[in-house]
Amino acid sequence: MSKAIKNIALFASGNGSNAQNIVEYFHDNDDIKPCLILTNKASAFVIERAKNMDIPCIVFTAKELRESSKIIDILNDFSIDFIVLAGFLLRIPQNVVDLFPNKIINIHPALLPKFGGKGMYGDFVHKAVKEAKETETGITIHYVNAHYDEGQIIFQKKVALSDKDTPESIAEKVHALEYEYFPKVIAETLS
Ligand code: GRF
C-alpha cells in the first residue's frame, strides 16, 4: 500500500474489547488510523466503547451488508484502506472482498484450521477446545475471503492448556494473546 496514512475500519459484533485495544494501540500513530467502527448489532457494547473513545460508529443490518451498497459507500466516505474484523460474526460478501483484496483481516480465537467455520465463534470455540481435550490452543490472524475462516494465515500464536482449564480460563488465555499480538500484526501487515 503506497499511501502514507492508512485508515482502518474495525468491524465488531459484540463486546468490542479487541476493537478498543486496537484503537488505543494506534492512538499516537501518525500513519495508521483506526477511524471507524462498524457493527451489525444495535445492542453491541462496542457502540458504548466507540462513544467513549470518540470514534464514529455505524450500525447496519445483515441484509444491508449482503444486499446493498451501504457498507461500500460508508467505506468510501471514510476513505478506508484496510478492514479489521475483531469479533465480527457475519460473512463478508464477495463484492466487499473484491474491493479490498488482501486488505481485510480477521482474528479467530483458536488454531485454524481446527475449530473454525460457521457457528465456531466466541465461547463455542473454547467449549469445543475443552471437549476435544486439546493440550494447546491459540489465535489465528488471517486474510478474509468470502468463506468463513479460510483465508491465508498471516500469524498464529499458541498457548498451552492443562486439564484444569475451563472454557472461561481458555477464553482468558486467548484474549491475552489477542490483546498482545493483534495490533502488532496489523502494524506489520500495513508496513
Ligand atoms: C475474540 O475472542 C475474537 O477472537 C473472536 O471474538 C472475540 C471477540 O471479543 N472472533 P471482543 O468483542 O473483541 O471482546
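The values are calculated or read from the model by the stated rules, or taken from the named source; none is laboratory data. No experiment lies behind these values; they were computed from the predicted model shown. Note that we place each Cβ from the backbone using ideal geometry, even for glycine, and neighbour counts take in every protein chain shown. Areas reflect the complete protein model, heavy atoms only, side chains present, ligands, DNA and RNA absent. Shrake-Rupley method; radii C 1.70, N 1.55, O 1.52, S 1.80 Å.
Within region 76-121, if we keep just the residues that are within 16 Å of the ligand (Cβ to nearest atom) and basic (Lys, Arg), the residue that is modelled with the highest pLDDT turns out to be Lys114. The listed residues are Pro101, Pro34, and the only one of them that is without any contact (Cβ under 8 Å) to a residue 60 or more places away in the chain, within 17 Å of the chain's Cα centre (by Cα), farther than 30 Å from Lys133 by Cα and open to solvent by 70 Å² or more (accessible area, probe 1.4 Å) turns out to be Pro101.
For region 54-78, taking the residues that are open to solvent by 40 Å² or more (accessible area, probe 1.4 Å) and in a helix (DSSP H, G or I), the one that is farthest from Ala146 (Cα to Cα) is identified as Asp77.
Considering each residue of region 161-182 in turn, none proves to be in contact with a strand residue (DSSP E or B) (Cβ under 7 Å, 6 or more places away or on another chain), within 12 Å of the ligand (Cβ to nearest atom), in a strand (DSSP E or B) and under 23 Å from Glu24 (Cβ atoms).
A quick yes/no check of all residues on (1) open to solvent by 40 Å² or more (accessible area, probe 1.4 Å); (2) small (Gly, Ala, Ser); (3) closer than 23 Å to Gln20 by Cβ; (4) in contact with a Lys or Arg (Cβ under 7 Å, 6 or more places away or on another chain):
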residue: Gly119; (1), (2), (3), (4): yes, yes, no, no
residue: His126; (1), (2), (3), (4): no, no, yes, no
residue: Glu134; (1), (2), (3), (4): yes, no, no, no
residue: Glu150; (1), (2), (3), (4): yes, no, no, no
residue: Ile153; (1), (2), (3), (4): yes, no, no, no
residue: Lys158; (1), (2), (3), (4): yes, no, no, no
residue: Leu177; (1), (2), (3), (4): no, no, yes, yes
residue: Ala187; (1), (2), (3), (4): no, yes, yes, no
residue: Ser191; (1), (2), (3), (4): yes, yes, yes, no
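Please work out if Arg49 is among the basic types (Lys, Arg), in a helix (DSSP H, G or I) and within 25 Å of Asn95 (Cα to Cα). Taking the combined requirement at face value, the residue does not satisfy it.
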